[in-house]
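Values quoted throughout were computed directly from the atomic coordinates according to the rules given, and no laboratory measurement underlies them. Remember, it's a predicted structure, so these values are computed and weren't measured experimentally. Every residue, glycine among them, receives a Cβ derived from its backbone with ideal geometry; neighbour counts consider all protein chains shown.
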Amino acid sequence: MGQLECNIRAQNETRANLYRLLSLYYYEPEKELIDKRALSFLAAEMAQVCPEGAKYAAELTEEANIGEIEDLRIDYAKLFVGPFDLLAPPYGSVYLEKRRRVMGESTLDALRCYQEAGLTMDRYFMEAPDHIAAELEFMYYLSFQDLDNESVERQKYFLEHHLGAWVEDFTALVEERAETNFYRHLARITRLFVNADQVYLEKLLIDLPVR
Amino acid sequence: MKLSRRAFLKGSAAVGLAALGVKGRRPVLQAFAETKSEGKAMQGSTRWVSTTCQGCTTWCAVQVQVVNGRAVKVRGNPNSKASNGKVCPRAHLSLQQVYDPDRIKVPMKRTNPRKGKDEDPQFVPITWDEALDEIASKMMELRRNNETHKFVLFRGRYTYMRDVIYDKFTKIFGSPNGISHSAICAEAEKFGSYFTEGLWDYRDYDLLNTRYLLLWGADPVASNRQVPHSIKVWGEVMDRAKVAVIDPRLSATASKADEWLPVIPGEDGALALAMAHVILVEGKWSREFVGDFKDGVNRFRAGEVVAEEDFEEKYTHGLVNWWNLELRNRTPGWAEKVTGIPAQQIIKVANEFADAAPHVISWLSPGASMQVRGAYSAMAAHALNGLVGSVDNKGGTLRASKVPARSQLPGYKDYQDEVAKAGTKYPKMDQRGYLEFPALKKGKPGGGVVTNRAADAILNDDPYEIKMAIAYWNNFVFSCGETSRWDKALSKLPFFVHVTTHPAEMTNYADIVLPAADHMYEKWGWLKSKANRYAYCTMNQRVIDPIWDVRIDETEIPWLIAEKLAEKGFDNMLRYFKEQVRDPETGKAPTNSMEFTMYAVKYLTQPLWDPAIEVKGDQLSGWKDFQEKGVWNSVPYPYRKKWGNFETATGKFEFYSETLKKSLKKHAEKHNTTIDGVLRSCKLQATGELAFIPHYEEPYRVGDPEAYPLIFVDYKSRLNREGRSANCLWYQEMKDVDPGDERWDDVAKLNPQDGRRLGIRTGDTIKLVSPVGALVCTAKLWEGVRPGTVIKCYGQGHWAYGRIAARDFQKRLPRGGNNNDILPAEYERLSGSTARHGGVVRVRVEKI
Amino acid sequence: MANYAMVIDLHKCVGCGACAITCKNENNVPEGFYWANYVHKTTGTFPNVRYQFIPTLCNHCENAPCVKACPVQAMYKDENGLTLHDPEKCIGCKACIIADPYGVIYFNKKEPHQFWRNNEPVIPGATATAKEVTEKIGEQVPYYNPARATTYAGIRPKGIVEKCSLCDHRIKEGEEPYCVASCPAEARTFGDLDDPGSKVNYLLQKYGYFRLREELGTKPKVYYIRQY
């Protein structure tokens, strides 16, 4: 294995970790995930690929900045769950489709992407397939695959047409409407990382040895 | 939206995540599930890795299917000529052993200073460094006080890497006490072949060419030895040969046999002698192997003495002597009375056996030899092979071709200092060689171990006080007869270290517990064994990365202790390891425990894989090749190789054992007594010349027949991985593959006649009481049991070992009962063996 | 298109149970369920005693009562004569279990593999829990066989039934069912009854055969030859 490939592999591990971790943060808050160790890990991994985002993550590791889990739960519910109007709907179709509807064409296209990669929605996943957590996890899954042009193309496509296409609008809403520091920062970290990753994949397609 | 699988969050989320990138891991999904076709694509990294199954002492070469770093399945190693890709059901249970949640995952330290079965050790986890430091400190203390001999290394099951921990480690430290488990295994069986043909080993059996199979308590389709090979060819054997099974229990093999001879326990010798009598009277001995009367006229007639000079022997010694001293009166009629087997059946079996000779097998097993007076039964049963010329012959009993591996690491003596030299001069602590424990391994008085006696040695400070012991891969307080003595001995032992995969019964007495690597999946080692005419060497490999913080018992742990001892000022052991054990490929010296392990394995097996060394058998192209194939096969064993040069005193197959005479004489002289005196001390009845020939001894039983009316019979399960598999779900779920047994239960089987008489019914909870102990289990009335006996399988009755093995681990309540709780500490003393068979104990059954 | 069958030679069978154990291994079968099983009986009185052992499994009946009973076609016959079960369609009504005369269908009343969900250590801090093992490994059962999932639910969820599929996932790959491959006695033969040259046909012709509860008219595809 050449140096280049080693670097790519290491980078990929970090990307996989970040996509997975970020995905988990869009579920109801769990205390294991908002403890100092988990957040330090987030900061350390971010530092590898997106120093700007790492700054926010580092701030979160200071306990005072996280806040009580109860507050986070309330904020999470208001932002993403309801029961009233969602302050920041976590579904791609809301941003990508003209009439802000859930389960539109873009949702079906996301599903097609999942299917092609060999995935189906888990029977216990009770949310729409274009939920931010699902899309982040899908990227985690893809970055886990062997590195070849096809896989990178697949990732690039998904970022361009899905996650990357609505992350700006979505995180902007969160940033604006969240009441806790935690979710504001999480929105920034998500945006900065996804954007940085899009740039990275472009470059990777050029660097990747042809096999 | 809540996380549906919080599983991975346990402990530190960060740590869990950091490991994600590790090669071979699969993505852990929340929102998604992999679809069918892609799931298959994910199997990309499926491969079969060779290793060894030590679920019994067949020691099969096996392969494990590894999918993305996980062990998923087991199969026989197709490269093995001994088992041809087959494994018995035991091998599969190993998956539930290696992934058993009840394995010890970190070193533990006892915080309750009181020891005993009913004391909770109150273990707390500690680091490896703390554990090793404490062990080394205790060892250094012994060194400072010139008491290194008060240290014992108790070995149980092993690979041939035992040389490191059992021999070199112990001796360089300065103790003579490498004490093995061998005497609770089957040493008395080896006695039978040693004092007839000079072979202190198990035999191989030429099943594919045999025409008659006479099994003395042996159950080859279920338990030791060469189980997969036996199962594989059994249909063919039954097509071609007749099978007779001698066993008070309808065993798995008896259920597939032509004849079942449900002998009264302990009377196997009588049966063998009567068969020999029949063969001689009927004139059916082998003329080719044994010889003949000079005039060709058979003079063997019941009761009549034969003149020695009338008979000319060829490859045997002492036939006429044997006849005159013993056989002439051992008629089938006599045998019927003592064995409970009809004379007609004895005559029939003896005739059919002799008619099919020499392609016949008289197959000796622990059942017919691990008896107080079983040494002579073992000789008698094996002598039948001599009588019909099936020994070392086509379709008969065979030896093994040589496996030219190295048995020892290089010399160690230069590394023993004065303390060590003085320490190793003490006699071993297990009382071997005492007048009443001749333990004549390979004919040498005191040459063999008397495992079960070690408990008494500790309790009575006889021959001297024992202050510290390290035990690995064993569980003597469960596996040795009369367990109550081990309970007391281990409670008395001031400092005890148990190296184990599971929290076993013996662990309960430990001061320090070290978690061991699983032998089949996590360890490096090698073994040699034989079956199907091939001897082989098979490797234990690290097939998967251990999920817990374990170390390899036989090599890593001695190295790690050696490092600690060096820190504390005694560096001889570490120097020995570093200077004498080099990588045979690169010449490099080891710098850590794993390198040491690898170099030592490579060094010992080098003659097999190094293409520069020519050997008789598979030619491998190098270490990698060996690792991949996992097994080295010898050339097939040639027939009749030993005829004329057996390793006996006469070079002949001895019916009158000059070899035994020499050994007994030596032992008697050592103790200033006569051979009769020796036999008396060994609870034997014979006097005079009978001592040297297979002769009849009444079975020795503990317990008054009035108080304990039934004879107890122990046997082994086809699912027992040497008593270590009771914590596996599949063991309990399939326990009824042992004929007569029940799933998830431990049943003592009585004949329905006895049940009616005693008012016991199937399903009753009963207590079996012997003079030395009691156990509780379930009753089952079953016709496959000889009336007058109670028959129960060994393996259940664990009160530790995990949540399934024990009925209640926290309360130390066993599932069923341990046979060793009611078996007395009795011995076949000539070999040093534990005597657990032959109806050594009587019991009474109480309904509760 | 084939007409698959299995022949079990009872003369070769030694009653070791490897079939039952390895089936659980191959198909991720939960505790308490036996896709492959066996029956045994002891007859006669001492010392004339006979012990018999018959390995059993789904008979993949040509005329399968479970298929007839299923209201949603979750239990069906495939083009190769196998009796298969579609977990997607199954509504867990258990009609198949009631109709099945051989007792080879099992209902997942609870989440499967309860053993591996337990989270209590026997020695806290020093031994693990079943859950901890599965978390470390990243599978619901540590020795989970992913190959099973290629044609059936890898582990069948709570609320539906499950049964032997004659290892259709292996057959598809040109392999024998696992109970055939793992039988150390080589007592089992798998093959196509429609192929006149197949070993199954050879054995059936050579030895004659019997099937379990033939009188029911189920036409089982598991044949037994010779005697234990």
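With only Lys, Arg, Asp and Glu charged, each at its Cβ (+1 for the first two, -1 for the last two), find how big the charge dipole of segment C:4-225 is about the Cα centre; round to the nearest 20 debye.
Dipole magnitude for segment C:4-225 comes out near 620 debye.
Step through the table entries A:Lys31/C:Lys94; B:Lys780/C:Lys206; B:Lys171/B:Lys666, compare each Cα-Cα distance with 30 Å, and write down the pairs that go over it.
Where the Cα-Cα span goes over 30 Å, the pairs concerned are A:Lys31/C:Lys94; B:Lys780/C:Lys206.
Filter the cross-link list B:Lys413/B:Lys662; B:Lys444/B:Lys670; B:Lys402/B:Lys661; C:Lys109/C:Lys221; A:Lys36/B:Lys109 down to pairs whose alpha-carbon distance in this structure exceeds 21 Å.
Long pairs (Cα-Cα over 21 Å): B:Lys413/B:Lys662; B:Lys402/B:Lys661; C:Lys109/C:Lys221; A:Lys36/B:Lys109.
Lysine pairs in segment B:187-308 with Cα distance under 25 Å, only those 8 or more apart or on different chains: how many are there?
Summing the qualifying lysine pairs gives 5.
Can you sort B:Cys728, B:Cys56 by how many other beta carbons sit within 10 Å, fewest first?
Arranged by neighbour count, lowest to highest, B:Cys728, B:Cys56 become B:Cys56, B:Cys728.
What residue among A:Tyr56, A:Ala133, A:His162 has its Cα farthest toward the positive end of the dipole of chain A, where the charges are +1 on Lys, Arg and -1 on Asp, Glu, each on the Cβ?
A:His162
Just subtract the alpha-carbon distance of B:Leu208 and B:Thr586 from 0.36 nm times their residue separation and send over the number in nm, one decimal.
Full extension from B:Leu208 to B:Thr586 adds 131.7 nm.
Estimate the FRET efficiency between C:Gln114 and B:Lys348 by the formula 1/(1 + (r/R0)^6), using the beta-carbon distance for r and 41 Å for R0, to the nearest 0.05.
Once the sixth-power term is evaluated, E becomes 0.15.
For segment B:296-327 and segment C:134-151, compute the distance between their C-alpha centroids and round to whole Å.
68
Would segment B:82-211 count as rounded, prolate or oblate if I go by the C-alpha gyration tensor, calling it rounded below 1.5 in a/c and otherwise prolate when a/b exceeds b/c, oblate otherwise?
Since a/c reaches 1.5 but b/c is at least a/b, the shape of segment B:82-211 is classed as oblate.
Test of the criteria: in segment B:177-209, which chymotrypsin sites (Phe, Trp or Tyr not before Pro) are in a DSSP loop and have at most 12 other Cβ atoms within 10 angstrom of their Cβ?
Sites meeting the loop and neighbour criteria: none at all.
Round to a whole angstrom and tell me the spacing of the C-alpha centers of segment B:657-676 and segment B:401-473.
Between the Cα centres of segment B:657-676 and segment B:401-473 lies a distance of 22 Å.
Check the cysteines of chain C one by one and keep only those with no other cysteine Cβ under 4.7 Å from their own.
That list is C:Cys13, C:Cys16, C:Cys23, C:Cys61, C:Cys70, C:Cys90, C:Cys93, C:Cys167, C:Cys183.
Can you find, among B:Tyr160, B:Pro262, B:Gln54, the residue sitting farthest towards the positive end of the charge dipole of the protein assembly as shown, where Lys and Arg contribute +1 and Asp and Glu -1 at Cβ?
Going by the Cα projections, it comes out as B:Pro262.
Given an 8 Å cut-off on Cα distances and at least 6 residues of separation, report the relative contact order of segment C:4-225 as a percent.
31
Local charge sum around B:Val243 (other residues, Cβ-Cβ under 13 Å, Lys/Arg +1, Asp/Glu -1)?
-3
Relative contact order for segment C:30-122: what is it in percent, counting Cα pairs under 8 Å that are at least 6 residues apart?
Dividing the mean separation by the residue count of segment C:30-122 yields 25 percent.
Could you let me know the centre-to-centre spacing of segment B:594-651 and segment B:202-246, using Cα atoms, in angstrom?
So the separation of the two Cα centres works out to 26 Å.
Take every Cα pair under 8 Å in chain B that's 6+ residues apart, average their separations, divide by the length, and report that relative contact order as a whole percent.
Computed over chain B, the figure is 18 percent.
With charges set only on the Cβ (+1 for Lys and Arg, -1 for Asp and Glu), what does the dipole of chain B come to about its Cα centre, in debye to the nearest 20?
In debye, rounded to 20, chain B gives about 1920.
Ignoring everything except DSSP H segments at least 4 long, calculate the 222 nm mean residue ellipticity for chain B; use -39,500 (n - 2.57) per segment, divide by total residues, nearest 500.
Value at 222 nm, helices only: -8000 deg cm²/dmol.
Within 10 Å of each Cβ in B:776-783, how many Cβ atoms from other chains are there, averaged over the peptide?
2
With charges set only on the Cβ (+1 for Lys and Arg, -1 for Asp and Glu), what does the dipole of the protein assembly as shown come to about its Cα centre, in debye to the nearest 20?
2720
Fewest first, what order do C:Asp195, B:Asp571, B:Asp118, B:Asp219 take by the number of other Cβ atoms within 10 Å?
B:Asp118, C:Asp195, B:Asp571, B:Asp219
Just the number, please: percent antiparallel of the DSSP beta bridges in chain B, rounded to the nearest 5.
Counting only bridges with both partners in chain B, antiparallel ones make up about 55 percent.
Quick one: if you stick a label point 7 Å off each Cα along the C-beta vector at B:Arg756 and B:Asn112, how many nm between them?
The modelled label-to-label distance comes out at 4.9 nm.
Give me the lysines in straight-line cross-link reach of A:Lys156: C-alpha distance below 28 Å, same-chain residues under 8 apart excluded.
A:Lys55, A:Lys98, A:Lys203, B:Lys23, B:Lys36, B:Lys40
For a quick check: sort B:Trp48, C:Trp35 by the number of other beta carbons within 10 angstrom, fewest at the front.
By the 10 Å Cβ count, ascending: B:Trp48, C:Trp35.
Could you name the aspartates and glutamates in cross-link range of C:Lys172, using Cα to Cα under 17 Å and dropping any fewer than eight places away on the same chain?
B:Glu38, C:Glu26, C:Asp78, C:Glu79, C:Asp86, C:Asp192
Please give me the summed charge of the neighbours of B:Pro699: other residues whose Cβ is under 10 Å from its Cβ, Lys and Arg +1, Asp and Glu -1.
-2
Which of B:Pro771, B:Tyr603, B:Leu250 sits farthest toward the positive end of the charge dipole of chain B, with +1 on the Cβ of Lys and Arg and -1 on the Cβ of Asp and Glu?
Going by the Cα projections, it comes out as B:Tyr603.
Taking the simple approach of a point 7 Å from Cα along Cα-to-Cβ for both B:Asp808 and A:Tyr200, what is their distance in nm?
According to this spin-label approximation, the distance is 5.5 nm.
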